[in-house]
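Shown next, in structure tokens, is the structure this report addresses.
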Amino acid sequence: MAIVRVRQHVNPLSQKYQQSPELPVWKEIYPNLMQPLHLDIGCGRGHFLLNMAQQQPDWNFLGLEIREPLVMQALQWRTDLGLTNLHYIFCNANSALRPLLQSLPPNRLKQVTIQFPDPWFKQRHQKRRVVQPEMVDLLAEFLAPEGFVLLQSDVEAVAIEMCERFQAQPIFTRQEPEWLPTNPLPVPTEREQSTLSRGLPVYRAMFTK
């Protein structure tokens, strides 16, 4: 697979990324629209979902990513593999999530992953972080009952902030009070593999509705 090189950081608050994407015609995307849906917010190059979609053909998978060249490349890989249960959308999740979720059949969204989001270390940039209270409220509204959200980061402060925002939404319950020792999903992300290979910790938490 050829790799496209793109900028690592994109400012989601810039005007360029405030437009909502054109809504897909979902029945043209997924042949079986009634399968449960796994949403990966900030899917990067999309390898995690490529592997998940191949391992779990009875699920549909959707990746959202703010860097358009990565989305175009991931879509090409999906097409090359002939995967019909996988789609990627170029968008800013914080401005596009509501119309996307509203357009889906009700109670199809069963799993959400937010994995290793950009930490935006500088204090003045932290409002650019992807997990904002509004996003948590949207997931609380549209996630199916008993669905879950998996959070992962290699930056403890970012993981703590994400958890605090989900804990502030009463509809979510944290499954374990401590960080999860292992990933409950069958596929690790590239960042997760890299972090663990260097002997560094991954901070994980799961919230259920």
Tell me, please, whether a residue that is polar (S, T, N, Q) and within 12 Å of the chain's Cα centre (by Cα) can be found in the range 64-73.
no
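Every residue, every condition in (1) surrounded by 13 or more Cβ atoms within 10 Å (Cβ to Cβ); (2) part of a helix (DSSP H, G or I); (3) in contact with a helix residue (DSSP H, G or I) (Cβ under 9 Å, 6 or more places away or on another chain), yes or no:
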site	(1), (2), (3)
Cys163	yes, yes, no
Ile171	yes, no, yes
Pro177	no, no, no
Leu180	yes, no, no
Asn183	yes, no, yes
Pro188	yes, no, yes
Arg191	yes, yes, no
Thr195	yes, yes, no
Among (1) under 15 Å from the mean Cα position of the chain (by Cα); (2) modelled with pLDDT of 95 or more, the one test that Arg174 misses:
(1)
Just the residues that are at pLDDT 95 or above and more than 23 Å from Arg191 (Cα to Cα), please, taken from the range 115-132.
none
For the range 103-118, which positions are of a type in the set (D, E, K, R) and not in a strand (DSSP E or B)?
Arg108, Asp118
Hey, any hits in the range 136-146 for a residue that's more than 14 Å from the chain's Cα centre (by Cα), over 24 Å from Gln55 (Cα atoms), part of a helix (DSSP H, G or I) and among the aromatic types (Phe, Trp, Tyr)?
yes
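The values are calculated or read from the model by the stated rules, or taken from the named source; none is laboratory data. Quick caveat: nothing in here was measured; it's all calculated off a predicted structure. All Cβ positions, even for glycine, are placed from backbone atoms using ideal geometry, and neighbour counts span all protein chains on display.
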